[in-house]
Amino acid sequence: MTRVLIVEDEIRIARLVRDYLHQAGFDVLEAVDGPSALSLARVEKPDMIVLDLGLPGRDGFDVTRELRATSSVPIIMLTARSDETDRIVGLELGADDYITKPFSPKELVARIRAVLRRADATLGGGEVLRAGPLEIDLPKRRVTVDDHEIDLTVSEFDLLLVLARQPGRIYTRAQLLDAVRGVSFESYERSVDAHIKNLRRKIEPDPRRPEYVLTVYGVGYKFSDA
Ligand code: CA
């Protein structure tokens, strides 16, 4: 059974989410603060984490940062509607998606399913994409640079794949957002920049002078066809 860890200090919201996820057939773990979230994540290895940003003590940013040091478990952040900066920072730290409060539990379940679907998606028949020392093994969802395995989040992997499948093709941020999200909810294009920034940090020899994922100014991004 798919296990989701909910990290939320507001009991009312935590209960609502827990009940809804149970009904939707998920196994649910709960934490009310950062330290217990981190230890639960380490010990129980959930398939997905729904993480509130506003937590007492160590906040959701801290938790994301620490999780990402060792794990690419899918993370969906819960954020306040007003705060765009929070969302960008959260995505830059490696969250896969966010949902703004107040949200409908139904939408949260749809988002969780969309991210899990992407994480499990079987891709192509034995296809391996190569660009110099960069290798993308589709069936294994595995990326290596010079044979070193790179640990990418679901979103980073999917963005890289979309771009690398058609080198030289220019994608707008909106197109990339559509491509990495199974379901199209609100469109928030700067989130693509956050994921691209992380991706570059991981795969590019010099992230300030990208060789693989190139910026097309005023338009979006493309994979190098040089
Ligand atoms: Ca909170």
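Numbers at a glance
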quantity	calculated
The chain: most fluctuating residue of GLY60, GLY168, GLY94 per GNM, C-alpha cutoff 10 Å	GLY168
Dipole moment magnitude, nearest 20 debye, the stretch 3-120 about Cα centre, only Lys, Arg, Asp, Glu C-beta charged	340 debye
Under the Debye formula (equal points on every Cα, no solvent term), log10 I(q)/I(0) of the stretch 49-171 at q = 0.09, 0.19 Å⁻¹	-0.30, -1.07
Portion, in percent, of the accessible area of the chain that falls on carbon or sulfur, probe 1.4 Å	49 percent
Equivalent ellipsoid semi-axes, the chain, via Cα gyration tensor eigenvalues times 5, rooted, Å	30, 18, 17
Among GLN166, GLN175, GLN23, residue whose mean-square fluctuation peaks in a GNM of the chain (springs only between Cα atoms under 10 Å)	GLN23
Sparse-neighbour loop sites [GluC sites (Glu not before Pro); the stretch 68-119; at most 10 other C-beta within 10 Å; DSSP]	none
Potential extension, ASP62-THR2 segment - 0.36 nm per residue separation minus Cα distance	19.1 nm
Spin-label pair ARG113/ASP9, simplified geometry with 7 Å Cα→Cβ offset, distance in nm	3.3 nm
Per-selection Rg to Rh, the stretch 128-223 - Cα, Kirkwood hydrodynamic radius	0.94
Within the chain, longest stretch free of exposed trypsin sites (Lys or Arg not before Pro) [DSSP loop, at most 14 other beta carbons within 10 Å]	1-80
Summed residue charge, Cβ within 12 Å of LEU116's Cβ, Lys/Arg positive, Asp/Glu negative	+1
Selection from THR215, LEU53, PRO105, by position along the positive dipole direction of the chain (Cβ)	THR215
Principal-axis tilt of helix 34-44 within the chain, Cα atoms, nearest 10 degrees	70 degrees
The stretch 29-86-the stretch 146-166 distance, computed between alpha-carbon centres (Å)	23 Å
Accessible area of the chain divided out per residue, in Å², using a probe of 1.4 angstrom	48 Å²
Within a Gaussian network of the chain (alpha carbon springs, distance under 10 Å), most fluctuating of VAL145, VAL73, VAL192	VAL145
P(r), alpha carbons of the stretch 3-120 - 10 Å bins starting at zero, rounded %	14, 53, 31, 1
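The values are calculated or read from the model by the stated rules, or taken from the named source; none is laboratory data. As the structure is a computational prediction, the values presented were derived from the model and not from experiment. Cβ coordinates were reconstructed from backbone atoms using ideal geometry, including for glycine residues, and neighbour counts include every protein chain displayed. Protein only, heavy atoms only, side chains kept; ligands, DNA and RNA dropped before computing areas. Shrake-Rupley method; radii C 1.70, N 1.55, O 1.52, S 1.80 Å.
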